[in-house]
Amino acid sequence: MTAKGVAVVTGAGSGLGRQITLTLAEAGWQVTGAGRRLAPLEETAALAPAGSVQPVAADVTDADSVAALFGAVAERHGRLDLLVNNAGTGAPAGAVDEISPEGWQSIVAVNLTGSYLCAHHAVRMMKAQDPQGGRIINNGSISAVSPRPRSVGYTATKHAITGLTKSISLDGRRYKIACGQIDIGNAATEMTQQIAAGAPQADGSVLPEPTFDPRHAAEAVRYMAELPLDTNVQFMTIMATTMPFIGRG
């Protein structure tokens, strides 16, 4: 199979990141799967077509670690066609008066600063390479649009991802760099097991919420990734049809 391009996926050791990595690899991409722990990344690579996934341990909150990640991509492939900013955390949960300054900073470091650091290096590579250009897809989450109760850190950072997406999209135009955002609601992963069992609602009740197969979210990412660079999905929402989002609360 002819390689379709070179991709980096963060948070590739589990959940949506693993599914996105495998979907891209099975479609012919060369993928560098990044995450904090090497062992889960190696498990992801073992599930993919042989040689299609390069696991690299990297902490997206650490500038030197992110620089080393993209250095490894440059050394192995010499270019980058796609970054999927997927790594994220919702912990610790809490309302604005409940979450500590340290908890706030930890969420911002992963969700927002981590996405910035990866985009920083990706855009530099995409500007410098020949042929020039590439694509960045940010995982915004449903919380980029509408919050859940007691999720101020997660919601604020995911709203900020929308601003990051728009800015990269605007600034990248002249360099053939496309940037879009996918907002995913209740894909059935480890993170959503609690939601399927019972999630807090705006009225104070706790109700189970429907989920959907994460393969559909990964295929949506692949669709966005494989468009020509003169075409961009700026924003996409994919969700369990009956989850409480439209009219949430």
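What follows is calculated from the coordinates using simple rules that are stated; it is not laboratory data. Here the structure is a predicted model, which means the values were calculated and not measured. Glycine gets a Cβ as well: all are built from the backbone with ideal geometry, and neighbour counts include every protein chain shown.
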Checklist line | Cα centroid of the range 170-208 to Cα centroid of the range 10-34, whole Å | finding: 18 Å
Notebook entry, point to check: Helix hunt in the chain: which complete DSSP H runs extend at least 20 Å axially by C-alpha with mean Kyte-Doolittle at least -0.5?
Noted result: 63-77, 114-128, 152-172
Next item on the list: Only bridges with both residues in the chain count here: give the DSSP antiparallel percent, nearest 5.
Entry: 5 percent
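Can you pull the semi-axes for the chain, root of five times each eigenvalue of the Cα gyration tensor, sorted largest first, whole Å?
29, 19, 18
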Item checked: Burial order of peptide ranges 184-191, 136-143, 92-99 (average beta-carbon count within 10 Å, highest first) -> 136-143, 184-191, 92-99
Checklist line | Cα gyration tensor, the range 60-165 - rounded (a/c under 1.5), prolate or oblate | finding: prolate
Next item on the list: Mind putting a number on the dipole of the chain about its Cα centre? Charges go on the C-beta only, +1 for Lys and Arg and -1 for Asp and Glu, and I need it in Debye to the nearest 20.
Entry: 580 debye
Item checked: Pairs of lysine residues in the chain - Cα separation under 23 Å, sequence separation of 8 or more or cross-chain -> 6
